[in-house]
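Encoded as structure tokens, the structure appears first; notes follow it.
The values are calculated or read from the model by the stated rules, or taken from the named source; none is laboratory data. None of these values were measured; they are calculated from a predicted model. No Cβ is skipped: glycine too gets one built from the backbone with ideal geometry, and neighbour counts run over all protein chains shown.
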Amino acid sequence: MLSLNLPLFPVLETQRLILRGQNESDAAALYALRTNDQVMRYIDRVRPKHVDESKAVIQTLNKNFKNGESLVWAIVLKEQPDVMIGNIGYYRTDLANHRAELGYMLLPEYWRKGIISEALVQAVNFGFDSINLHSISANINPENNASRQILIKNGFVKEAYFKQDYYVNGKFLDSEIYGLLNPNH
Ligand SMILES: CC(C)(COP(=O)(O)OP(=O)(O)OC[C@H]1O[C@@H](n2cnc3c(N)ncnc32)[C@H](O)[C@@H]1OP(=O)(O)O)[C@@H](O)C(=O)NCCC(=O)NCCS
């Protein structure tokens, strides 16, 4: 089976960004992201009620990384490496099928500057070249056109549309699944 057991958390660099691990000092930034109405508009998840919940999420993500189950980077600007402005990564992996699911979010003040596109290229390259994934998926709320457009611009294609497959807050929501195959396979 494909393995995600990396000895050290992989720090990646792009022209403007560093993608690094999240640590407990990023809890307030994660809390700010996860409680921001604009950010969470199409992310249908229960929102944290206290920053300690975000700290616990970071601890879980770090534990999952050590167990080889997930790989989520903090997005920081090179000139402010301590300030997490977003995150991107493989929250869910399906390593038996050499597949992982990419997710991302960014504080609204940084939107439309190409930041997630820049981070996504690196995250995808790492997934294909270093982890040797065969495919990468992304699961969007069908109303999330911004996320859809980023995926399409980066070569993802629509693979599935599930009707009312996701139950959250008393509602059944649809999901649209995008996928990208490893071009080297
Ligand atoms: C979706 C999101 C990550 C986009 O990040 P971003 O850094 O602003 O995206 P980019 O600047 O790299 O945009 C790349 C392309 O995506 C498309 N896009 C981005 N935001 C868009 C918007 N609001 N409406 C329509 N298209 C949009 C455009 O085609 C854009 O290219 P262009 O600016 O040259 O036209 C950001 O809006 C966000 O954090 N949203 C909330 C969290 C979220 O929904 N995450 C995805 C969950 S599946």
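Flag not set for SER137, criterion: touching a residue at least 12 places away in the same chain (Cβ under 8 Å), within 13 Å of the ligand (Cβ to nearest atom) and not in a strand (DSSP E or B). Within region 118-139, the set of residues being small (Gly, Ala, Ser) and either over 25 Å from THR35 (Cβ atoms) or at pLDDT below 95 (or both) comprises GLY127, SER130, SER135, SER137.
Residues in region 140-163 that are part of a helix (DSSP H, G or I), under 14 Å from GLU101 (Cβ atoms) and in contact with a Lys or Arg (Cβ under 9 Å, 6 or more places away or on another chain): LEU151 only.
Tell me, which residue of region 96-113 that is within 25 Å of ASP44 (Cα to Cα) and more than 7 Å from the ligand (Cβ to nearest atom) is surrounded by the fewest Cβ atoms within 10 Å (Cβ to Cβ)? Only one residue fits best here, namely GLU109.
Cβ-Cβ contacts under 7 Å between residues 6 or more apart (or on different chains), taken from a first residue in region 157-185 that is under 13 Å from ASN139 (Cα atoms) to a second residue that is basic (Lys, Arg), are listed as ASP174/LYS163; GLU176/LYS158; TYR178/LYS158.
Filtering region 58-95 to residues that are surrounded by fewer than 19 Cβ atoms within 10 Å (Cβ to Cβ) and part of a loop (DSSP other than H, G, I, E, B) leaves ASN67, GLY68, GLU69, LYS78, GLU79, GLN80, PRO81, ASP82, VAL83. Whether any residue in region 141-158 is at pLDDT 95 or above, more than 9 Å from the ligand (Cβ to nearest atom) and closer than 16 Å to ILE43 by Cβ is what I want to check. So far as region 141-158 goes, yes, one or more of its residues are at pLDDT 95 or above, more than 9 Å from the ligand (Cβ to nearest atom) and closer than 16 Å to ILE43 by Cβ.
For LYS171, are the conditions met, namely being at negative phi, modelled with pLDDT under 95 and more than 18 Å from the chain's Cα centre (by Cα)?
Details: at negative phi: yes; modelled with pLDDT under 95: yes; more than 18 Å from the chain's Cα centre (by Cα): yes.
Against the criterion (at negative phi, modelled with pLDDT under 95 and more than 18 Å from the chain's Cα centre (by Cα)), LYS171 qualifies.
Candidates ILE43, ILE116: the one that is within 16 Å of the ligand (Cβ to nearest atom), under 13 Å from the mean Cα position of the chain (by Cα) and either assigned to a helix (DSSP H, G or I) or not β-branched (Val, Ile, Thr) (or both) is ILE116.
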